[in-house]
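The values are calculated or read from the model by the stated rules, or taken from the named source; none is laboratory data. Quantities reported herein were computed from a predicted structural model and do not represent experimental measurements. So basically every Cβ, Gly included, is an ideal-geometry build from the backbone, and we count neighbours across all protein chains shown.
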Amino acid sequence: MQKRATFNNRLLPYLLLTPQLAVTLVFFFWPAGQAVKQSLYLPDPFGLNDVFVGLENFEFLLTDSYYLASFQTTAIFSSLVTLLSMGTALWLAVMADRVIKGSGFYRTLLIWPYAVAPAVAGILWMFLFNPSVGLVAFYLEVFGYDWNHVLNGAEAMGLVVAAASWKQISYNFLFFLAGLQAIPKSVIEAAAIDGAGFWRRFWTIVFPLLSPTTFFLLVVNVVYAFFDTFGVIHTITAGGPRQDTMILVYKVFADGFVGQDLGSSAAQSVILLFVVGILTVVQFKYIERRVHY
Amino acid sequence: MAVQKSGMVEKRGIGLWLTHAGLIFGILLVCFPIYIAFVASTVTQPEIVHPPLPLIPGDKFFENYWDALSSGVNAPVWLMLFNSTIMALGITVGKIAISILSAFAIVYFRFPGRMVFFWLIFMTLMLPVEVRIVPTYQVIADFGMLNSHAGLILPLIASATATFLFRQLFLTIPEELAEAARIDGAGPMRFFIDILLPMSRTNIAALFVILFIYGWNQYLWPLLITTDPDMNTIVMGIKQMFPSGDDIADWPVIMATAILAMLPPVAVVIFMQKLFVRGLVESEK
């Protein structure tokens, strides 16, 4: 944990810590505290003062059908994004692991979407599927399918899932490829000599040995889908049509800044803080486990 | 036979060709949206609004990019690129600077409250700006930092991740070095500048790559605090270029802006691939 050889100085360590602590207190702890406080207040009918209402904001949220629907939307959205991006990345990584010549070339071409901002990814996919000018929407219509994600909730969900997953493939690919390359080739060759085919080897040897990577990516992808996809939603659907792509993070923004319902938005922030807390604990349990093995 | 005489597992013949074909298909799938955006940034508006869009680039590359850079829609794109550069570099340099200092304090000093401070920093590990937007916005508004570069940068520079990274790194540096420095009469800051900083060079570079991309790609925060188009960053500015109501969007200029918005971070990933992969793996440890 700490070095045995340390320097003796009374003031210096505090001076060194000051910048980080100042930023942390002003921009993390103070706002988080304000969110907790605000979640217990509501403006009075004239909008002049805030009145203490206890847990009323939370009670209201947890019985509000829109909020519960947003939970459900978030669950569907993050499961689909996690499955789609991890599945595609694993498939690509397994293939890239099999080739020897040119794997560096493939890797270079597959990792750069990581650098594309979620909001820009949203613009790209929105352009492809734009009902009036989009290339994919045009050919869908040629084949008799009338695509319009502006009106159709399921299509809107499909589109934000595709854009959000597309951006995350590179990240998952890199970690899966590293995980695959860490599996000793002798184990796989031994199974091959015993006559196990590719799929059998994959499910009985490769996939189980890859499970630490898979579990790690699962947590990272859920966190990504929960919090980092704001830009995708905002550029493609803005939560619509109706509330069909209104994930929790987007609703905090929509209620707080667009709807000016500060009490409710703050209560939602507090609930999200709990979600983050749980995910952090899960991630740490994972890190602990990895240290043991 | 599944096993070849060379001892390799299915790495020749049809299987290998299928693998290459699958990879190329995957790459086409991944690159397709970007390619189409590039094509759209090189054609004329009528070619876009009368679909289908041609599949090969047009000849309006220079016109469209010049239009975007010099005038844009709400603000010239060169200005948005400038704002993004300031924000990304400010976040990157700020995070690295404050994290390396606090990691130095936590590892190399023994002082009252050390563990309390460590946990205070640690607790911010997963508190994204997205979950505390309204109160953080109020803090920045109270400081009068709306529509300013400082307001864009400051709330995003606290990072437990970077502090951890440097802490881990310092713990692997042989203790004899600090001891020797102390015996030679070098003060802590001398040791920090002459020994720790040079030894952290590669890690700083790897972190720089990751944080630059993080800073460049920020969306929600600039969206909230830059109401003045001249302060927009490019990533959040693209969406603002779409007209409200039924007006037709200026697609070639918008798509040129989208391409410009991804150019710097993509260039960083491609040209500094080794550092990028290293930074990515390390920052998730």
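Pairing each residue of the stretch A:143-166 that is in contact (Cβ under 8 Å) with a residue 24 or more places away in the chain with any residue that is of a type in the set (Gly, Ala, Ser) and part of a helix (DSSP H, G or I), provided the two are 6+ apart or on different chains, yields C-beta distances under 7 Å for A:HIS149/A:ALA156; A:ALA163/A:ALA121; A:ALA163/A:GLY122; A:ALA164/A:ALA225; A:SER165/A:SER85; A:TRP166/A:ALA121. If you go through the stretch A:161-195 and keep only what is at the interface with chain B (Cβ under 8 Å from one of its Cβ atoms) and assigned to a loop (DSSP other than H, G, I, E, B), you end up with just A:GLY195.
Among residues of the stretch B:94-119 that are facing chain A (nearest Cβ under 7 Å) and farther than 26 Å from B:ARG201 by Cβ, those with a beta-carbon under 6 Å from a residue that is surrounded by 22 or more Cβ atoms within 10 Å (Cβ to Cβ) and not hydrophobic (A, V, I, L, M, F, W, C) at least six positions away or on a different chain give the pairs B:PHE111/A:PRO13. The one condition from (1) in contact with a Lys or Arg (Cβ under 7 Å, 6 or more places away or on another chain); (2) more than 19 Å from A:TYR171 (Cβ to Cβ) that A:PRO212 does not meet is (2). Of the helices (runs of 4 or more DSSP H) lying entirely inside the stretch B:41-122, those containing at least 1 residues that are of a type in the set (Phe, Trp, Tyr) are B:61-70, B:77-108, B:114-122. From the list B:LEU146, B:LEU165, B:LEU177, the lone residue that is more than 8 Å from chain A (Cβ to nearest Cβ), assigned to a loop (DSSP other than H, G, I, E, B), surrounded by 14 or more Cβ atoms within 10 Å (Cβ to Cβ) and hydrophobic (A, V, I, L, M, F, W, C) is B:LEU146. With the structure loaded, tell me whether A:SER186 is surrounded by fewer than 22 Cβ atoms within 10 Å (Cβ to Cβ), out of contact with any Phe, Trp or Tyr (no Cβ under 8 Å at 6 or more places or on another chain) and among the hydroxyl-bearing types (Ser, Thr, Tyr) or whether it fails that test. Against the criterion (surrounded by fewer than 22 Cβ atoms within 10 Å (Cβ to Cβ), out of contact with any Phe, Trp or Tyr (no Cβ under 8 Å at 6 or more places or on another chain) and among the hydroxyl-bearing types (Ser, Thr, Tyr)), A:SER186 qualifies.
The condition of being facing another protein chain (nearest Cβ under 8 Å), touching a residue at least 60 places away in the same chain (Cβ under 8 Å) and closer than 30 Å to B:VAL209 by Cβ holds for A:PRO118.
Residue-wise test of (1) out of contact with any helix residue (DSSP H, G or I) (no Cβ under 7 Å at 6 or more places or on another chain); (2) among the charged types (D, E, K, R); (3) under 18 Å from B:GLY90 (Cα atoms).
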site	(1), (2), (3)
B:TRP119	yes, no, no
B:TYR137	no, no, no
B:LEU152	no, no, yes
B:MET189	yes, no, no
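Looking across the stretch A:20-64, just one residue is under 27 Å from the mean Cα position of the chain (by Cα), among the small types (Gly, Ala, Ser) and part of a loop (DSSP other than H, G, I, E, B), and that is A:SER39. Residues in the stretch B:127-143 that are more than 7 Å from chain A (Cβ to nearest Cβ) and crowded, with 21+ Cβ neighbours inside 10 Å: B:ILE140 alone.
If you check every pair at least six apart or on different chains, which have Cβ atoms under 6 Å apart with a residue in the stretch B:65-82 that is free of Cβ contacts under 8 Å to residues at least 12 places away in the same chain and not assigned by TED's automatic domain parsing to the domain that holds B:TRP251 first and a residue that is among the β-branched types (Val, Ile, Thr) and not in a loop (DSSP other than H, G, I, E, B) second? Close Cβ pairs (under 6 Å, with a partner that is among the β-branched types (Val, Ile, Thr) and not in a loop (DSSP other than H, G, I, E, B)) do not exist here. Select from the stretch A:111-140 the residues that are farther than 27 Å from A:ALA89 by Cα and surrounded by 16 or more Cβ atoms within 10 Å (Cβ to Cβ) and list them in ascending order. A:PRO131, A:VAL133, A:PHE138, listed by residue number.
Pick from A:ALA192, A:ALA182, A:ALA196: which is hydrophobic (A, V, I, L, M, F, W, C), under 26 Å from B:THR19 (Cα atoms) and in contact with a strand residue (DSSP E or B) (Cβ under 8 Å, 6 or more places away or on another chain)? Selected residue: A:ALA192, the only one of A:ALA192, A:ALA182, A:ALA196 that is hydrophobic (A, V, I, L, M, F, W, C), under 26 Å from B:THR19 (Cα atoms) and in contact with a strand residue (DSSP E or B) (Cβ under 8 Å, 6 or more places away or on another chain). All told, B:SER102 meets the bar of being within 19 Å of A:ALA22 (Cβ to Cβ) and crowded, with 18+ Cβ neighbours inside 10 Å.
Determine, yes or no, whether B:ILE238 is touching a residue at least 60 places away in the same chain (Cβ under 8 Å), in the same structural domain as B:TYR137 (by TED's automatic domain parsing) and part of a helix (DSSP H, G or I). So B:ILE238 fails the test. Scoring A:GLN38 on the criteria (1) among the polar types (S, T, N, Q); (2) modelled with pLDDT of 85 or more; (3) crowded, with 16+ Cβ neighbours inside 10 Å leaves a single failure, condition (2).
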